Amino acid sequence: MRDDLRISWEVPATPPGLAGRLERFMGPGKSRSESAVETIGLLGCALLLAAGLWTSGAARDWSTAQLVVVVLAGLDLIGGVLTNASNSAKRWYHRAGPEARRARLLFVPAHLLHLGAIGLFVLSGDIAWTLVNAALLLGGAAAVEFAPVHLKRPVAMALLMAAVLVNLFWLPVPAALAWFAPLFFLKLLVCHLVPEAPLEGKRDA
């Protein structure tokens, strides 16, 4: 390992109240560089998503409420991929103890709301799409969580690719929603559930 890098699993203290809860949800101890990458990445990818939705004609095909749901889901997934891939989130959600596992696993089924909102509302009651993706999510999450630690990353990658391929060939959606499944499963199966050593550099603060 480079001399200017070290692994730190020590979770920084958080303030009381709402600020502390939010910091723990995002991952305590986020460095300025992490925050900068997340902010720039979120803004850049959000602009690309907005441009893609506009040029696809989705704004004309969906109601205002459907468009709002899609935009909110997109922002959550983009931000979630970046946040869950950060050192601070890895340190928090993969810390030792049963409380961390419980929090990590409860985070996943909460995203069934995303599937319901897209499948039942935006896709006008596509029950098959919703149920199959729910099964892929819950089954995939269990497989990653209970895989041996040295196999979690390749297991998660295999399940991500399987979920994307199932969606491409057997659960087609309008082109304006083609991004949803890749980002959804990337966020949860790979970024959230795969533990990685939280590296810190001398210039991180």
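Selection of first residues in the range 58-83 that are touching a residue at least 40 places away in the same chain (Cβ under 8 Å) and of second residues that are among the basic types (Lys, Arg) and surrounded by 15 or more Cβ atoms within 10 Å (Cβ to Cβ), restricted to Cβ pairs under 8 Å at least 6 apart or on distinct chains, gives the following pairs, ordered by first then second residue: 77/187; 80/187; 81/187.
Evaluate the following for residue 52: is it touching a residue at least 60 places away in the same chain (Cβ under 8 Å), at positive phi and either out of contact with any helix residue (DSSP H, G or I) (no Cβ under 6 Å at 6 or more places or on another chain) or among the small types (Gly, Ala, Ser) (or both)?
Values: touching a residue at least 60 places away in the same chain (Cβ under 8 Å): yes; at positive phi: no; either out of contact with any helix residue (DSSP H, G or I) (no Cβ under 6 Å at 6 or more places or on another chain) or among the small types (Gly, Ala, Ser) (or both): yes.
So residue 52 fails the test.
State the number of residues belonging to the range 67-94 that are farther than 13 Å from residue 49 by Cβ, surrounded by 18 or more Cβ atoms within 10 Å (Cβ to Cβ) and out of contact with any strand residue (DSSP E or B) (no Cβ under 9 Å at 6 or more places or on another chain). Qualifying residue count, the range 67-94: 13.
Which members of the range 161-173 meet the condition of being modelled with pLDDT of 95 or more and surrounded by fewer than 22 Cβ atoms within 10 Å (Cβ to Cβ)? The answer is 161, 162, 164, 165, 166, 168, 169, 170, 171, 173.
Check 29, 44 and return the single one that is farther than 13 Å from residue 85 by Cα, surrounded by 14 or more Cβ atoms within 10 Å (Cβ to Cβ) and either at pLDDT 80 or above or of a type outside the set (Gly, Ala, Ser) (or both). Show your work before the answer.
Details: 44 fails: surrounded by 14 or more Cβ atoms within 10 Å (Cβ to Cβ).
So the residue among 29, 44 that is farther than 13 Å from residue 85 by Cα, surrounded by 14 or more Cβ atoms within 10 Å (Cβ to Cβ) and either at pLDDT 80 or above or of a type outside the set (Gly, Ala, Ser) (or both) is 29.
Of the helices (runs of 4 or more DSSP H) that lie entirely inside the range 5-88, those containing 1 or more residues that are among the charged types (D, E, K, R) and closer than 22 Å to residue 119 by Cβ span 58-61, 64-84.
Where in the range 95-201 are there helices (runs of 4 or more DSSP H), lying wholly inside it, with at least 2 residues that are within 17 Å of the chain's Cα centre (by Cα) and under 18 Å from residue 69 (Cβ atoms)?
112-116, 127-146, 180-185
Remark: pairs (first residue in the range 4-16, closer than 15 Å to residue 86 by Cα; second residue among the aromatic types (Phe, Trp, Tyr) and surrounded by 11 or more Cβ atoms within 10 Å (Cβ to Cβ); Cβ separation under 7 Å; 6+ apart in sequence or on different chains) = 11/92.
The values are calculated or read from the model by the stated rules, or taken from the named source; none is laboratory data. Predicted, not measured: the structure shown is a model, and the values here were computed from it. Cβ atoms come from the backbone with ideal geometry, glycine included; neighbour counts cover every protein chain shown.
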